[in-house]
Amino acid sequence: MRAYIPAAAACAALALACGPAAPAVADSGAATAFTISDPRIAESSGLTASHRHPGVYWTHNDSGDGPYVYAVDSATGRTVARVTMRGVHPRDVEAISTGPDGDLYVGDIGDNLDGSWPEVWIYRFPEPRQLHDQTVDVTRYAVHYDAGPRNAESLMVQPRTGRVYIASKNENGGHLYAGPAGLSAKSVNVFRSIADVPWVTDGAFSPDGSRLVLRGYFWASDYRWVNGRPQKIGSLDVPMQQQGESVTFTADGRAVMYGSEGAGSRVRPERLSGADLPVGVAPKPGAPGSGSTGGTGGPAESAVKDAKSSSASSKVLGIAILVGMGAVGVGVRNAARRRRDRRAS
């Protein structure tokens, strides 16, 4: 959802950037896999790689758009299909993920008032075999959380089991919720908390299901997926973006793609290496622990650059931006407090 980032969130991001496990802020001039050129996509809030069409990524707008999902060709940045979900009246679509059966799962799960909606929904439909504008039938699932309504922007389908997970978004930290083993279209699906997570704007499983990546506006972390639970590995490099909202793995699993809201937004790649690589991805010959950018993933994968080469100056730039945001937020809050004190005196 388009919104001003609270000062507390900016300060939290600063703490992450300065802490011992902080990610390096990648050079904002790093390679762009592709730029979304469709003017109808002004608030891209979710991203997932196509299973059927190499080099194609599915995305959608935040609230305010209709029941649409867009297929974007990473070779050109152009929309090659707009899919209309029949009979759907979305409220706040925030996430999209691809299941092991090739179905697309769309998360109408946003709740910016942190508990105003008694239920949220997931829409599911098979990924189209042909890419052209079309209308599809969907299966709709109602979702409740075990501890009451939550705001959320992240929905991930586990590639091994097909189980659906949702990460809630909260300034003070959220939770990772697991859905039932199989979703039911006839009854409410209760999602239960299984782990604590930070402020999350999107997440994605690796194609082999061995890794989970969660991102916020300024950070990203990856996890091993062990016995249905996340085990943190560490922090990943994140590009500087206007409003970092989405993340997905490339089709070959060797990199993650970071997306942002805004007209003409850029999707930026960061290559994985070492322990961050999924189990099913072999290291590049001659470079232990690093992945190649080849394979059948399409043009976006060939644009991936090694994020580990980002310079120390880019880290300083990212931290300086966060400091400035935090300072502005604190200044506004202090000014408001002084005005209240003057009125009270």
- Residue pairs meeting the criteria (Cβ under 6 Å; at least 6 apart or on separate chains; first farther than 16 Å from VAL157 by Cβ, in the stretch 180-192; second among the charged types (D, E, K, R) and at pLDDT below 95): VAL190/ASP146; ARG192/ASP146
- Task: Would you please name the residue that is farthest from ASP137 (Cα to Cα), looking only at residues in the stretch 103-125 that are of a type outside the set (A, V, I, L, M) and open to solvent by 40 Å² or more (accessible area, probe 1.4 Å)?
- Result: ASP114
- Might you check whether a residue that is open to solvent by less than 20 Å² (accessible area, probe 1.4 Å) and either without any contact (Cβ under 8 Å) to a residue 24 or more places away in the chain or touching a Gly at 6+ places or on another chain (Cβ under 8 Å) (or both) occurs anywhere in the stretch 127-139? yes
- Could you tell me which residue of the stretch 79-102 is nearest to THR250 (Cα to Cα), considering only residues that are open to solvent by less than 20 Å² (accessible area, probe 1.4 Å) and more than 20 Å from the chain's Cα centre (by Cα)? ALA81
- Task: May I ask you to list the residues in the stretch 167-205 that are under 14 Å from GLY99 (Cβ atoms) and of a type outside the set (Phe, Trp, Tyr)?
- Result: GLY179, ALA181, GLY182, LEU183, ALA204
- Task: Could you tell me which residue of the stretch 59-78 is farthest from LEU155 (Cα to Cα), considering only residues that are assigned to a strand (DSSP E or B) and either open to solvent by less than 20 Å² (accessible area, probe 1.4 Å) or of a type in the set (Gly, Ala, Ser) (or both)?
- Result: VAL72
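Quick grid of which residues meet (1) more than 24 Å from TYR217 (Cβ to Cβ); (2) in contact with a strand residue (DSSP E or B) (Cβ under 6 Å, 6 or more places away or on another chain):
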residue: THR76; (1), (2): yes, no
residue: PRO90; (1), (2): no, yes
residue: TYR123; (1), (2): yes, yes
residue: PRO126; (1), (2): yes, yes
- Hey, can you tell me all the residues within the stretch 242-264 that are in a loop (DSSP other than H, G, I, E, B), among the small types (Gly, Ala, Ser) and open to solvent by less than 10 Å² (accessible area, probe 1.4 Å)? GLY253, GLY262
- Specify the residue that is least open to solvent (accessible area, probe 1.4 Å); the eligible residues are those in the stretch 173-204 that are of a type in the set (Phe, Trp, Tyr) and touching a Lys or Arg at 6+ places or on another chain (Cβ under 7 Å). TYR177
- Task: Could you please find all residues in the stretch 212-227 being of a type in the set (D, E, K, R) and open to solvent by less than 20 Å² (accessible area, probe 1.4 Å)?
- Result: ARG215, ASP222
- Item | Answer residue from the stretch 228-241, given it is farther than 23 Å from ALA71 by Cα and not in a strand (DSSP E or B) and is most open to solvent (accessible area, probe 1.4 Å) among those | MET240
- Matching residues in the stretch 201-227 - criterion: being within 23 Å of GLY110 (Cα to Cα) and either without any contact (Cβ under 8 Å) to a residue 12 or more places away in the chain or touching a Pro at 6+ places or on another chain (Cβ under 7 Å) (or both): PHE205, LEU212, GLY216, TRP219, ALA220
- Query: So which residues in the stretch 109-128 are at pLDDT 95 or above and not aliphatic (A, V, I, L, M), if there are any at all?
  - Reply: TRP121, TYR123, ARG124, PHE125, PRO126, GLU127, PRO128
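The values are calculated or read from the model by the stated rules, or taken from the named source; none is laboratory data. Since this is a predicted model, take the numbers as computed values, not measurements. No Cβ is skipped: glycine too gets one built from the backbone with ideal geometry, and neighbour counts run over all protein chains shown. When the accessible area is computed, the model is the full protein with side chains, heavy atoms only, and any ligands, DNA or RNA have been set aside. Shrake-Rupley method; radii C 1.70, N 1.55, O 1.52, S 1.80 Å.
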